[in-house]
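J.: Can you keep this structure in mind? I'll have questions shortly.
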Amino acid sequence: MSAPKRLPYNTLSPDAYQGLIATKNALENSPLGKALIELVWLRMSQINGCAFCLEMHAKALRADGMAEAKLDGLAGWRVSERFSARERAALAWTESLTHVDTTHAPDEDFEPLSAHFSEVEISDLTFAIALMSAFNRLAIGMRQ
């Protein structure tokens, strides 16, 4: 049984919500590509425990052809051979920023990004992580 929804944040604060949607729309044109963005969003949603987001991002990745075994192994990406070096760098940065209260975004998580991403891509990735952090907190807090 799911908890009842608390408040319809998207209609109560439409301007703020549209700002988040504008950021999401801007990221659709990112050179990062949809699959990588969805992958980091799924990982962040796993960490934050957002059931709504977990279903949405897993569904999007499946629809785009991501292998089930890769999705199944996402929580253990550090020991899985299914993830590229580029994906690993993005996932490490995602986890670092998701747990920023304890990691403080150390150089050892940031520096590997430059081997796989342009400065624009690193900026886009960081915006994508920040955006999903906001969406996770809204969905969890308001019982989406």
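The values are calculated or read from the model by the stated rules, or taken from the named source; none is laboratory data. Nothing here was measured: the structure is a model prediction, and the numbers come from that model. When we count neighbours, we look across all protein chains shown, and the Cβ atoms used for this are built from the backbone with ideal geometry, even at glycine. Please note that ligands, DNA and RNA were not included when accessible areas were found on the heavy atoms of the full protein model with its side chains. Shrake-Rupley method; radii C 1.70, N 1.55, O 1.52, S 1.80 Å.
J.: So which pairs qualify, if the first residue must be in segment 80-94 and of a type in the set (S, T, N, Q), the second must be surrounded by 19 or more Cβ atoms within 10 Å (Cβ to Cβ) and in a loop (DSSP other than H, G, I, E, B), the Cβ gap must be under 8 Å, and the two must be at least 6 apart or on different chains?
T.: Listed by first residue and then by second, the contacts come to nothing, as the list is empty.
J.: Can you name every one of the helices (runs of 4 or more DSSP H) wholly within segment 1-84 that holds 2 or more residues which are of a type in the set (Asp, Glu)?
T.: 68-72
J.: Is segment 41-50 home to any residue that is aromatic (Phe, Trp, Tyr), within 29 Å of ALA3 (Cβ to Cβ), crowded, with 19+ Cβ neighbours inside 10 Å and in contact (Cβ under 8 Å) with a residue 12 or more places away in the chain?
T.: yes
J.: List pairs: first residue in segment 54-74 and over 18 Å from GLY33 (Cβ atoms) and open to solvent by 90 Å² or more (accessible area, probe 1.4 Å), second residue part of a loop (DSSP other than H, G, I, E, B) and modelled with pLDDT of 95 or more anywhere in the structure, Cβ distance under 7 angstrom, at least six positions apart or on different chains.
T.: none
J.: Let me ask something else. Pairs needed: first member in segment 117-128, in contact (Cβ under 8 Å) with a residue 40 or more places away in the chain and outside any loop (DSSP other than H, G, I, E, B); second member anywhere, among the β-branched types (Val, Ile, Thr) and open to solvent by 30 Å² or more (accessible area, probe 1.4 Å); C-beta distance under 7 Å; at least 6 residues apart or different chains.
T.: Final answer for the pair search is PHE127/THR23.
J.: Which pairs do you get when a residue that is within 22 Å of ALA51 (Cα to Cα), found in segment 2-31, comes within reach of a residue that is of a type in the set (D, E, K, R) and open to solvent by 60 Å² or more (accessible area, probe 1.4 Å), reach meaning Cβ atoms under 8 angstrom, with the pair 6+ apart or on two chains?
T.: Correct list of pairs: SER2/ARG143; ALA3/ARG143; PRO4/ARG143; LYS5/ARG143; ARG6/ARG143.
J.: Working carefully through the options ALA128, ALA105, ALA92, find the one that is under 16 Å from SER45 (Cβ atoms), of a type in the set (Gly, Ala, Ser) and surrounded by 12 or more Cβ atoms within 10 Å (Cβ to Cβ).
T.: ALA128
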